[in-house]
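What follows is a single structure, written as structure tokens, with notes after it.
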């Protein structure tokens, strides 16, 4: 596992950390991880088979690494920088983990602290009343929601941030939009590669403090990566790819109730 200072200059030559342990491959059996960066190969999870993340999306700093955290938050904190497009899980010594993220408009409109009060595997998604009211042409076709699974915009895991005992509707979640990681989008909170959100989900307990950097803080702490990436146009999904009989047949429910019955989760 590579150890390095998690500062602004050390990432171009680093490899991804092996945080996801895989099963041993039998002798002479094909290795499904060939051609993938360590930790980002095909993954079987809770009844679903996640494809590996192509190398093209993991270039430079856009991959998970482990090293020494040089930010301003205490050990045990999830420190999110929606402008530099990084999320840190702060640990002692050279054991902190930095993940690349994508940040939507909602992800950049929130700053300060909160706590993770809910964690869900393969959560479903329902557009909020505000989303349906302000952008009915975008969200109206999905008003009945999308159950948890490979088609859910929340991906393989979601962490729900609360403040003062109330849901902030700020989410850290997985995504199938691989090109969004390292970039900004028009919608959504904080997106991660599904492989990375699965790893983070296992690391952080309920009650973990989350700090989201403001624009000024990001400029101060990590000026070299400030506003990393590009602004992507909104993704538009054909409802038929979600609700058709063929789509449902190819995306069966896992062996537990994965639907987020609370809904109200931004894309």
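The values are calculated or read from the model by the stated rules, or taken from the named source; none is laboratory data. These figures come from a predicted structure and were not determined experimentally. Neighbour counts run over all protein chains shown; Cβ positions are idealised from the backbone, glycine included.
Would segment 29-44 turn up any residue that is assigned to a strand (DSSP E or B) and either within 17 Å of the chain's Cα centre (by Cα) or at pLDDT 90 or above (or both)?
Checked against the condition, which is being assigned to a strand (DSSP E or B) and either within 17 Å of the chain's Cα centre (by Cα) or at pLDDT 90 or above (or both), segment 29-44 yields at least one hit.
Keeping to segment 231-267, report how many residues are more than 16 Å from residue 126 (Cα to Cα), surrounded by 11 or more Cβ atoms within 10 Å (Cβ to Cβ), in contact with a strand residue (DSSP E or B) (Cβ under 8 Å, 6 or more places away or on another chain) and modelled with pLDDT of 75 or more.
So the count comes out to 1.
Return only the number of the condition from (1) in a loop (DSSP other than H, G, I, E, B); (2) over 19 Å from the mean Cα position of the chain (by Cα); (3) modelled with pLDDT of 95 or more; (4) more than 24 Å from residue 170 (Cβ to Cβ) that residue 75 does not satisfy.
Every condition holds for residue 75 apart from (4).
Listed here are the residues, each with its yes/no results for (1) closer than 22 Å to residue 215 by Cα; (2) surrounded by fewer than 16 Cβ atoms within 10 Å (Cβ to Cβ); (3) in contact with a strand residue (DSSP E or B) (Cβ under 8 Å, 6 or more places away or on another chain).
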position: 35; (1), (2), (3): no, yes, no
position: 43; (1), (2), (3): no, no, yes
position: 49; (1), (2), (3): no, yes, yes
position: 81; (1), (2), (3): yes, no, yes
position: 84; (1), (2), (3): yes, no, no
position: 88; (1), (2), (3): yes, no, yes
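Evaluate the following for residue 132: is it more than 25 Å from residue 59 (Cβ to Cβ) and in contact (Cβ under 8 Å) with a residue 12 or more places away in the chain?
Against the criterion (more than 25 Å from residue 59 (Cβ to Cβ) and in contact (Cβ under 8 Å) with a residue 12 or more places away in the chain), residue 132 does not qualify.
Here is a yes/no grid of residues against (1) over 19 Å from the mean Cα position of the chain (by Cα); (2) closer than 30 Å to residue 37 by Cα; (3) modelled with pLDDT of 90 or more:
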{"site": "116", "(1), (2), (3)": "no, yes, yes"}
{"site": "128", "(1), (2), (3)": "yes, no, no"}
{"site": "168", "(1), (2), (3)": "no, no, yes"}
{"site": "208", "(1), (2), (3)": "no, yes, yes"}
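Among residues belonging to segment 96-114 that are more than 15 Å from the chain's Cα centre (by Cα) and either crowded, with 18+ Cβ neighbours inside 10 Å or without any contact (Cβ under 8 Å) to a residue 40 or more places away in the chain (or both), point out the one that is farthest from residue 57 (Cα to Cα).
114
Say whether the condition of being touching a helix residue (DSSP H, G or I) at 6+ places or on another chain (Cβ under 6 Å), surrounded by 13 or more Cβ atoms within 10 Å (Cβ to Cβ), assigned to a loop (DSSP other than H, G, I, E, B) and in contact (Cβ under 8 Å) with a residue 60 or more places away in the chain is met by at least one residue in segment 195-216.
No, segment 195-216 has no match at all.
Tell me, please, whether a residue that is in contact with a helix residue (DSSP H, G or I) (Cβ under 7 Å, 6 or more places away or on another chain), surrounded by 15 or more Cβ atoms within 10 Å (Cβ to Cβ) and farther than 23 Å from residue 237 by Cβ can be found in segment 135-154.
No, segment 135-154 contains no residue that is in contact with a helix residue (DSSP H, G or I) (Cβ under 7 Å, 6 or more places away or on another chain), surrounded by 15 or more Cβ atoms within 10 Å (Cβ to Cβ) and farther than 23 Å from residue 237 by Cβ.
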